[in-house]
Amino acid sequence: MPQTKRKRVTSPAAAAKDKNDQRNNPGDGRVVKKVGRVRKKVTVSASPSENPKEEYHYWLMKSEPESRMEKGMDMKFGIEDLKAQPKQTECWDGVRNYQARNFMRAMKIGQEAFFYHSNCKEPGIAGIVKIVKEAYPDHTQFDPKNPHYDSSSNKDNPKWSMVDVQFVRMLKRYITLAELKKLHQKHKSTDGPLRNMALFTRARLSVQPLTQEEYDCILSLEEENTEQDDTDDD
């Protein structure tokens, strides 16, 4: 793949900030990806042997739509950047969390994912992408000049993987983190579809699974002209 700017996950500092922002500012949580080079990356916290416990068919993938320099590289990669790529397709590199990596390894061609904008003024879901190439070695782990370089990874047995994604469409409206958080809080008490959504139960992961129920619920939101009140459902 062309090594320019790509999506990716957040650095440990950005991930910690994302978690704190979601607690204190529902409309300001995030994680990131980048353009034309490294993409999403997460913090290494899960065990290398940790695999998805159930089969998922839908996903949420976080990337940064605003410029952020790391070791001289701009980590920016929003959905508009994906649309600008040849065939509107790019690899999703830079993931450095074992659980997020394992989720990517479980992805199948044709499955869909929400493209989530993180580390930005108003985090949220911007559109839909689909998996067009299943997991293969992430080239950035072997590049000493890349922010996601991992000197402990061996080319004969690479630690890190990536997938290729292709733009499908923009959502009819941007669904913000603040709106999703309110629904999550409400659904926890009503046993609603978003009660266990990984965006809130596993917030630091840049690649997250979605159940069919969660995916359908979020899709239904784009048809609503919601003007939510300012009351938190905490």
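Computed from the coordinates by the stated procedures, all read-outs in this text should not be read as laboratory data. Bear in mind the structure is a predicted one, so any value in this text is a computation, not a measurement. Ideal geometry is used to build each Cβ from the backbone, glycine not excepted, and the neighbour counts take in all protein chains shown.
Over 22 Å between Cα atoms, which of 62/133; 62/130; 62/83; 62/155 qualify? Walk me through the intermediate numbers first.
Numbers: 62/133 18 Å; 62/130 14 Å; 62/83 16 Å; 62/155 26 Å.
Listed pairs above 22 Å: 62/155.
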Give the peptides 167-179, 127-139 in descending order of average Cβ contacts within 10 Å, highest first. 127-139, 167-179
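Order these peptides, 212-221, 192-201, 153-162, by their mean beta-carbon neighbour count within 10 angstrom, highest first.
192-201, 212-221, 153-162
What is the extension gain from residue 213 to residue 149, computed as 0.36 nm multiplied by their sequence separation minus the C-alpha to C-alpha distance, in nm to one decimal?
This chain segment gains 19.4 nm when fully extended.
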Taking the convex hull of the Cα atoms, report for the stretch 98-167 its projected area averaged over all directions, in nm². 5.7 nm²
